[in-house]
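What follows is one structure encoded as structure tokens, with my remarks underneath.
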Amino acid sequence: MEALKCIRTRRSVRKFDGRPVERALIEQVVAAAAYAPSWKNTQIARYIVVTDAEKKQKLADECMLGFAFNQKTASCAPALVVVTMVTGRSGFERDGSFSTTQGTHWQSFDAGIATQTFCLAAHDLGLGTVIMGIFDENKVAELTDVPEGQQVAAILALGYPAEEPMCPKRKDVEALVSFQ
Ligand SMILES: Cc1cc2nc3c(=O)[nH]c(=O)nc-3n(C[C@H](O)[C@H](O)[C@H](O)COP(=O)(O)O)c2cc1C
């Protein structure tokens, strides 16, 4: 798919058909997401793919702060992807000090770029995703054995779309950009 078309037509998908997503296809998506830019090429984003039905249901039932909307999405997705970030690298010097005045800002920035690259690649390959930001970070980390030194950045629902959502209205270019 042409890049601009892929960017424009990607939607947050919250309904999925019953088909499981092949592991090789998920690996293809991750391979594409690896090309996301990152602070000094530190590549801090990691992906924990949960397809085990029991664990997935636990994520939905126990880790989404009771937010029913996301619980419904998570329950019907054939896979949940816990995006984590290796902490203390992006935006940091080798001695552990911050490289800028923005502290830990850059690690979430990198995880965000990687996540969007993941979502675009998934869309190009016929898969749907939605980023979910409402979850109990500690519970998710415990349930999915997030390694020491990593932090949960986001949870994605992933699957074959069973809906073609309307595009929520976007701001006009004039509202977004200024030239100096
Ligand atoms: C950081 C972040 C957190 C989000 N959290 C949620 C969420 O918890 N649940 C949900 O259904 N959508 C969530 N979304 C999806 C947005 O609602 C969606 O991207 C926005 O409405 C634009 O729609 P589109 O992605 O179809 O273009 C999140 C998106 C981002 C970037």
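Some notes on this structure:
- Pair SER75, GLU93: separation of 7 Å Cα→Cβ label points (nm): 5.2
- Each residue of region 4-19 is assigned a 3J(HN,Hα), and the resulting list reads 5, 5, 4, 4, 6, 9, 5, 10, 6, 9, 10, 10, 10, 7, x, 5 Hz, derived from the Karplus form 6.51 cos²θ - 1.76 cosθ + 1.60 (θ = phi - 60°), x at Gly and Pro.
- Contact order, relative form, for region 3-162: 37 percent (alpha carbon pairs under 8 Å, 6 or more residues apart, mean separation divided by residue count).
- Rel. contact order, % - alpha carbon contacts under 8 angstrom, at least six apart, region 1-79: 42
- DSSP loop GluC sites (Glu not before Pro) with at most 11 other Cβ within 10 Å: longest gap in the chain: 23-92
- Given R0 = 25 Å, the distance between the Cβ atoms of GLU137 and THR100 translates into a calculated FRET efficiency of 0.55.
- By the rule of a C-alpha distance below 14 Å, with chain neighbours fewer than 8 residues away ignored, the aspartates and glutamates paired with LYS55 are GLU142, ASP145.
- Calculated over the chain: convex hull of Cα atoms, volume per residue (Å³): 148
Rule-based calculations on the coordinates, nothing more; no lab input. All figures in this text were calculated on a predicted structure; none of them were measured in a lab. Heads up, the Cβs are rebuilt from the backbone with ideal geometry, glycines too, and the neighbour counts pull from every protein chain shown.
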